[in-house]
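J.: The following block contains the structure, expressed as structure tokens.
Each reported figure results from applying straightforward, stated rules to the coordinates on display, with no laboratory input. A quick note: this is a predicted structure, and the numbers were derived from the prediction, not measured. Positions of Cβ are generated from backbone atoms using ideal geometry, with glycine treated the same way; all protein chains shown enter the neighbour counts.
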Amino acid sequence: MHGMISYFIRRLLLIPITFVCITFMVYGIMRLSPGGPIEQARTQMLMAQMQEGGGGAFSQIGELALPQDAIDQLKIYYKLHRSIPVGYMIWLGVWPDDDRGGIFSGIIQGDFGISYRYSDSVLSTIVSKFPISVTFGLIGYLATWIVCIPLGVQKALLHRTWFDMTTSLAVFLGYSIPGFVACLALMLMFGTSLVWDLFPLGGFRSENWNDMWAAGNIWWCIKDQAWHMFIPLVGYVMSGFATMTILMKNSLLDNLGADYVRTAFAKGLSERRVIFLHALRNSMIPICVGIGGAIGLLFAGSFLIEKTCNIPGMGLLGFNSLIERDYPVLMGILVFGVLIRLTGNILSDLILAFIDPRVRFK
Amino acid sequence: MTHILFKLLQLLVVLLLGFVLTTYVLPWFFRCFLRILGYPAEFSPVTQKRIRRFRAIRRGYWSFKLITVLFVTSLFLELIVSSKALMIRYEDRTAYPALCEWLNMAWPFGEVSSFNKKSDFGQIGESEVDYRQFAIYAAHPALMRKDLEKERTALTAEKEAYLAEHPTPGPDARRFEVRRYERAMKRFGKRGETLLALEKNLAVFEGGRAGCWMPVYPVGPGDLRYDLKSNPPNRPSLEEGVPLGTDMSGRDVVPLMLYGFRISLAFALVVAGLGYGFGILVGGVQGYYGGWVDIVTQRVVEIWGSIPFLFTIMIIASIVQPSFWILAVLMVVLTSWLGITYYVRAEFYREKAKDYVQAAIGSGVSDWRIITRHILPNALVPVVTFAPFGIVAYIGSLVSLDYLGFGLPPGTPSWGALLRQGLENVKFYPHLTIIPTVALASTLYTVVMIGEAVREAFDPKVFSRLR
Amino acid sequence: MATTATTADGARKKLLEVKGLRTYFDVEGQTAKAVDGVDFFIHENEVFGLVGESGSGKSVTALSVMRLIPDPPGWIDGGEVLFRGKNLLDLTYDEMRKIRGNDISMIFQEPMTALNPVYSIGFQLTEALQHHQVMSRQDARERAVEMLDLVGIPDASRRLGNYPHEFSGGMRQRAMIAMALSLTPHLLIADEPTTALDVTIQAQILELMLDLRQQTGDSSIMLITHDLAVVAETCERVAVMYGGKIQEVAEVKRLFTNPEHPYTRGLLASLPRPDRVKQKRLQTIPGIVPSILDFPKGCKFWTRCPVKEDVCEQVEPELVKVEEGHWCRCHLVSAAETPPVEAPAGEPEGGTE
């Protein structure tokens, strides 16, 4: 037990190191790459001029200059006048920011900066998107468990029968269609009049959802929510379905052939007890270990599905921030993504230690 | 009718070529390669048994055959689906532009010009020959005669109509009238000259001194379908000759799909090959040497694995437009080498502890020889079982990146980019969604079938049921 | 020689009688006849040995008695397994489950994998007790502690909460024995119970099994082993199996002093005999056991037999009675009452190192 605690303490200590490595790398990429923020600002200005129809700008694309004070402002904002490590440490909050009177203000202090797309604090922007992605992740993951565990068990018990073959084909078909493509295909089939106009073409809720909620029309709200969530949910769970079903099946197959199952039968236990108490408990181990990894998905949402179905979650926020070069938000999302992923890994280890008495960490 | 039969024959020949290459030439090369590396020509009995088992799983085996033959055939796409002629002959001038194009693709270190001037081939102008036009006229000189006739009548009619409206300016005519008249006459004269030149060509065509052999589908991936009446995107229509329609900019979907297949599979193979190569190296070093090398590398692998790779690639791609190779290397560096290290490392640990390896070490065999000869063949087992699923994942990643607009450069034939157009036009142009979805799903399904069969062949699940 | 010397009076009741048992397996499309017509019986209150090399079908025989043949890939093709007069092969699985553990229990070869790694020893010990005899949890626990004490696990009540990986191999096998005997079965099938253990532990475990048999009530033991020394030590009667068939059955004393079958003789010749000073090197049986898929036609043993004749290659011999309580399956034996050949006589071509 003692070894286990020290193992987890060491794992926890590794988090900041990993975190710093990753964020520093991405920060460095952003800083080092050509076409950084100033270049972007320049292009944006150019685009704005072109839209205004100012023909003169065409002749001087190359020489077009930002006002010097704007450049200085951008430089200060992105700490371009500081070296990369110093800039990074200011962002992290372990180096005084001279431009703001030498205060320590960074990630550690909870200061993620200001999004210049939403002109709002990055932290509140990100946190406001959490519930949406988590709703999808949680319901999707639950659905996967509810469907895949029984299906996998049934497939293992009916190995190489008609049932096993057909479900395998279906499950693998689901695996070969990426989730967002499935969403797109479903929207085409059931969101337009092509086959059956049954579901909406994207969106998280109807526009008047908040009004209806305020009016106390809860049943309508739930129905509307479910109506909107169906297609994206299918996309969320589709590839996970195959992985989990097959994992469950193979794991149970392995365990059904194990010696201890024979021992249990030799004791005269009923088939039900042997399968569900002895074999299933063992075959759940690899599946439960996956929970930690799924946590990351739960919070991070999915760029692809949120973009396809136009759901304003974390994924879409990240995507839009990328398009708009909203670097503070991007770094903020990275921070959350990495932290969640790392805690997920530790959670996996904890779960493993909890359900498998053999596991001893050193 | 004979025309269609000839095209089918052409297609058949290319497919046959692909088949022969995959079934006979590639295995032969593979064997030679192994021989050069010093491995025995025959696989070990265990491997042979696994291969036999794989062949016995017909679904997987035929999927494997299908996908390899299709991929190898797709390496010759420039000769099947292209707007450039396989062979063009005009009097004593002959050119093979499609072949040149293919050579440029196959051998990227030198450039062969596939460009042929119009004026060299009896067409008017200095740009690239319109091979389709040329092919039609070469095959049906009567059609050309009819077209010329039409043009001549049109020219005469227009000239008369012009003269009726603007009579020949007399001596008292104003200057601008004279200038206008002269310009018009010059224009008509030029058209007349063209006509004359074309009539000379007609003689060449009618005399059978010109010929053009077009690929099976005479539209390339970058060509816009100007010959269609309506504006893009065009819905699929067999009468108009666009079996799968066009995309939003008017590119034909058929070549987009086919070239997209090649690029997706090639990308996945490159990413898998490089990544697994590097992963085997790292995992091997970890497992073979162990100790602090292992500990440090393992931490690096763990940290690296925590990077959200799609997000990072997107950030990088938003800054520098990646090319095929940059994107492939990014994928390798950020993800594809990681997963395999765990398995190879474990396999090396396991194999190294075995008696035969210890005996080899004890008798002074070099590390390199032990690794390559004794351990590596065993460590390759997880690689082989993972490769198909890896390929599915990498094709999926490429499609995703293209779909989000952070993938290959715009203009590259890609399924993901087409899917994005499908999303934008989901209400009105369903073919932009349906076609890439079907292509993607069927390709990935085939690869998954291979993967499942390989897994089954390498690690057959013994189903034992007690009651 | 362990327990009471038995005389060959037919009055002893048969506890288990196996007649013409055939158990086949499907191995990649081919049928492997792992057990192909096995006949033997076990008296009440007897230690019966079943000896053979690996692949001879002895384990499958035992599993067939318990009806623990995984289906697929295997099945019991025919025969009878009469346990106290009742044919076990006719029972439904539900009825069979009442017999397993309760009337017949089994100890397996691999103590490392035979216990479920995720449940505590206590749980695995008590679950059978609670299942077969309606017993409160507390009673079952007490019985489990008692059994663990009996098999010599110190501090039994505390170790009930331990998991299998916290036990050593010998301790696990003791726990297995405790589990198997906790319901005082009439027949205990021990399938190579000591093979996976250290030599020093082996003797302890065997002794323990025999002791417990008397302590917990008179039960019969069917001991499956490839080790003739163990048989000599523990059993009253012994059957020798080869190629899925019983080749020779006799009382231990007779088998050792008067082996009839060439295979039995070969096995005995390969035993070290410290009492024979002159013997310089051990004899071995030439060749190896054929793969289960290609046992020969005719006598299963002729490919390795030093005294084979032409008839052996064609005709399968029958199991014939040589003397009272002694059967043998060999053409040479059935042909005539051959004078007993001195057992480990060094036939010159019979052995290669």
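J.: Going by how many other Cβ atoms sit within 10 Å of their own, how do A:M229, B:M449 line up, fewest first?
T.: A:M229, B:M449
J.: Further, regarding this structure: Who wins for biggest fluctuation among A:I285, A:I146, A:I90 in a Gaussian network model of chain A, springs between alpha carbons below 10 Å?
T.: With Cα springs under 10 Å in chain A, the top fluctuation among A:I285, A:I146, A:I90 is at A:I146.
J.: Please compute the contact order of chain A in relative form: average sequence separation of alpha-carbon pairs under 8 Å and at least six residues apart, divided by the residue count, as a percent.
T.: Numbers: 394 pairs, mean separation 78.1, N = 362.
Here the relative contact order equals 22 percent.
J.: Next question, about the same structure. Between the helical axis of B:376-404 and the dominant principal axis of chain B, each derived from Cα atoms, what acute angle in degrees is found, rounded to the nearest 10?
T.: 40
J.: Give the average over all directions of the projected area of the C-alpha convex hull of region B:316-467, one decimal, in nm².
T.: Values: hull surface 59.0 nm².
Taking the Cα atoms of region B:316-467, their convex hull projects to 14.8 nm² on average.
J.: Then there is this: R0 = 51 Å: FRET efficiency of A:N210 with C:Q130, Cβ-based, nearest 0.05?
T.: E(calc), rounded to 0.05, equals 0.35.
J.: Continuing with the same structure: Considering the dipole of the protein assembly as shown built from charges on the beta carbon (Lys and Arg +1, Asp and Glu -1) around the Cα centre, which of B:Y349, B:T437, C:G78 is farthest to its positive end?
T.: B:T437
J.: What size of dipole, in debye to the nearest 20, comes out for chain C about its Cα centre when the only charges are +1 on Lys and Arg C-beta atoms and -1 on Asp and Glu C-beta atoms?
T.: 400
J.: In what sequence do A:F180, B:F324 fall when counting other Cβ within 10 Å, fewest first?
T.: Neighbour counts put them in this order, fewest first: B:F324, A:F180.
J.: Another question about this same structure. Rg (Å, one decimal) plus Dmax (Å, integer) for the alpha carbons of region C:110-184?
T.: 11.0, 31
J.: Could you name the lysines whose alpha carbon sits less than 27 Å from that of A:K129, not counting residues in the same chain fewer than 8 places away?
T.: List returned: A:K223, A:K307.
J.: Another question, then. Build a GNM of chain A with springs between Cα atoms under 10 Å: which of A:K129, A:K249, A:K79 gets the top mean-square fluctuation?
T.: Maximum fluctuation in the GNM of chain A, among the listed residues, is at A:K79.
J.: Now, a different point. As a check on your grasp of the helix formula, calculate [θ] at 222 nm for chain B: sum -39500 (n - 2.57) over DSSP H runs of n ≥ 4, divide by the residue count, round to the nearest 500.
T.: -21500 deg cm²/dmol
J.: Rounded to the nearest 0.05, what FRET efficiency do B:L12 and B:S44 give with R0 = 45 Å and r taken as the Cβ-Cβ distance? Could you check? Could the numbers behind the result be given before it?
T.: Details: r = 38 Å, r/R0 = 0.85.
It comes to 0.75.
J.: Might you report the magnitude of the Cβ-based charge dipole of region B:309-467 about its Cα centre, with Lys and Arg at +1 and Asp and Glu at -1, to the nearest 20 debye?
T.: Numbers: 12 positive and 9 negative charges, 83 e Å.
Around 400 debye, computed over region B:309-467.
J.: Sticking with this one: What order do you get for B:S119, C:S59 when you list them from fewest to most C-beta neighbours inside 10 Å?
T.: If I rank by nearby Cβ atoms, fewest first, I get B:S119, C:S59.
J.: While we're looking at this one, here's another question. Would you list, by chain and number, the aspartates and glutamates whose Cα falls below 18 Å from the Cα of B:K461, excluding same-chain residues fewer than 8 positions away?
T.: Hits, sequence-local ones excluded: A:D164, A:D254, A:D259, B:E452, C:D26, C:E28, C:D71.
J.: Here is a follow-up. Using the crude model of +1 on Lys and Arg Cβ and -1 on Asp and Glu Cβ, and no other charge, please compute the dipole size for the protein assembly as shown relative to its Cα centre, in debye to 20.
T.: Dipole of the protein assembly as shown, to the nearest 20 debye: 1280 debye.
J.: To make sure I understand the rule: partners must be aspartates and glutamates, Cα under 15 Å from the Cα of B:K229, and not fewer than 8 residues away in the same chain. Which ones qualify?
T.: Cα-Cα hits under 15 Å: B:E239, B:E240, B:D247, B:D252.
J.: Past 27 Å, Cα to Cα: identify those pairs from A:K267/C:K14; B:K7/B:K65; A:K267/C:K321; B:K49/C:K33; B:K146/B:K190, in the order given.
T.: Over 27 Å apart, Cα to Cα: A:K267/C:K321.
J.: Over chain C, with a Gaussian network built from C-alpha contacts below 10 Å, which listed residue (C:E324, C:E166, C:E28) shows the highest mean-square fluctuation?
T.: C:E28
J.: Helix C:169-181: angle to the longest alpha-carbon principal axis of chain C, degrees 0 to 90, nearest 10?
T.: Between the helix axis and the principal axis of chain C, the angle is about 80 degrees.
J.: Peptide C:105-118: average number of partner chain Cβ atoms within 10 Å per residue?
T.: On the way: counts 3, 5, 2, 5, 1, 3, 1, 1, 5, 8, 4, 13, 8, 10.
What the average comes to for C:105-118 is 5.
J.: Something else: Roughly how tilted is helix B:338-353, in degrees to the nearest 10 and between 0 and 90, from the longest Cα axis of chain B?
T.: The two axes meet at around 30 degrees.
J.: Just report the Cα centroid separation between region C:183-232 and region A:144-210, whole Å.
T.: 56
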